[in-house]
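For reference, the structure is listed below as structure tokens.
The values are calculated or read from the model by the stated rules, or taken from the named source; none is laboratory data. This structure is a prediction, so every number in the text was calculated from the model and none was measured. Cβ placement follows ideal geometry from the backbone for every residue including glycine, while neighbour counts extend to all protein chains displayed. Side chains included, ligands, DNA and RNA excluded: accessible areas come from the protein's heavy atoms. Shrake-Rupley method; radii C 1.70, N 1.55, O 1.52, S 1.80 Å.
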Amino acid sequence: MPEIKALFFDIDHTLFSHSQNCVPPSLWKTLGELKEKGMKLFIATGRQYADMKRLPVDWSVFDGFVTLNGAVNLDRNLNTIISFPITGSARKNVKELFNRHIIPFVVVEKDRMYANFYNEKVYETQKQLGTPLLPPRGDISDEDIFQLIFFAERSEEHLIAGNLEGCVLSRWNDWALDAISPSAGKDRGVKAVLDAFGYDGDSCIVFGDGGNDISMLKAFRNSVAMGNAGDEVKACASYVTSHIDQDGIINALRHFRVI
């Protein structure tokens, strides 16, 4: 087995425990020890970097960031390695959908987030995610859009897909899903970061728990689904570990003989 040189972590319910409101202390200690030994640590999240900073985590420990489901990929100094905005007819249709107020959603630019409107579904979803602060309502701009966050049930997905032909939809909650460019995806973001460091895919392990992690879990030989993940996510990983609050990442690192 090739030497493992890099670890990529989804944040919510993979690296960060919302029941504990922190990265589990035992895991944080382990990551610090691996970092001292030369292991590269990366984030692979659906969040925008500015949104990540709301969480009580020292992000300076990490060597790079696959953000917005691979749409914006950054080095440790927050310089963009590569990005994939939403383009074409989908980009043109966003403005109409934004103004029709059929489904509440958040528009994510590189450094700005804003919403068309909010309802009770939004507040409940944010409460579950543990991020009570919502982006402000705003007017849509002409800046590049890298992600759309829709607060919609599965029965409403056709309203989104019909307006965003070509975009990739990935659900991370029973009430919420993301839309990104077909050029993006956590798998492509991870590959771009690996390329920037001169690593191949077999030299990393990727960790996730949600639908937006599936492309990443499928793309790499060493992939871990958390015990708290859904069955459809677990089916895509090469290894299923224990729950985040039961040392899931540490147990996977033992399985792959990293520790």
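In region 38-76, the qualifying residues are those that are of a type in the set (Phe, Trp, Tyr) and under 13 Å from the mean Cα position of the chain (by Cα), and the one that is most open to solvent (accessible area, probe 1.4 Å) is Tyr49.
One residue stands out among those in region 230-256 that are in contact (Cβ under 8 Å) with a residue 40 or more places away in the chain and in a loop (DSSP other than H, G, I, E, B): the one that is surrounded by the most Cβ atoms within 10 Å (Cβ to Cβ), which is Asp247. Just for region 1-19: of the residues that are under 13 Å from Asn228 (Cα atoms) and in a strand (DSSP E or B), which one is modelled with the lowest pLDDT? Result: Asp12.
What do you reckon, is Phe105 aromatic (Phe, Trp, Tyr), out of contact with any Asp or Glu (no Cβ under 7 Å at 6 or more places or on another chain), on the phi < 0 side of the Ramachandran plot and open to solvent by less than 70 Å² (accessible area, probe 1.4 Å)? Judged against the criteria, Phe105 is a match. On the stretch given as region 201-229, residues that are assigned to a strand (DSSP E or B), in contact with an Asp or Glu (Cβ under 7 Å, 6 or more places away or on another chain) and touching a residue at least 40 places away in the same chain (Cβ under 8 Å) total 2. For region 110-152, the set of residues classified as open to solvent by 40 Å² or more (accessible area, probe 1.4 Å), outside any loop (DSSP other than H, G, I, E, B) and at pLDDT below 90 consists of Glu120, Lys121, Tyr123, Glu124, Lys127, Gln128, listed by residue number.
Check region 23-37 and report whether any residue there is part of a loop (DSSP other than H, G, I, E, B) and either open to solvent by 60 Å² or more (accessible area, probe 1.4 Å) or of a type in the set (Val, Ile, Thr) (or both). The answer is yes; a qualifying residue exists. Could you say which residue among Lys191, Lys186, Lys95 is of a type in the set (Lys, Arg), in contact (Cβ under 8 Å) with a residue 12 or more places away in the chain and over 30 Å from Ser17 (Cβ atoms)? Only one candidate passes the filter, namely Lys95.
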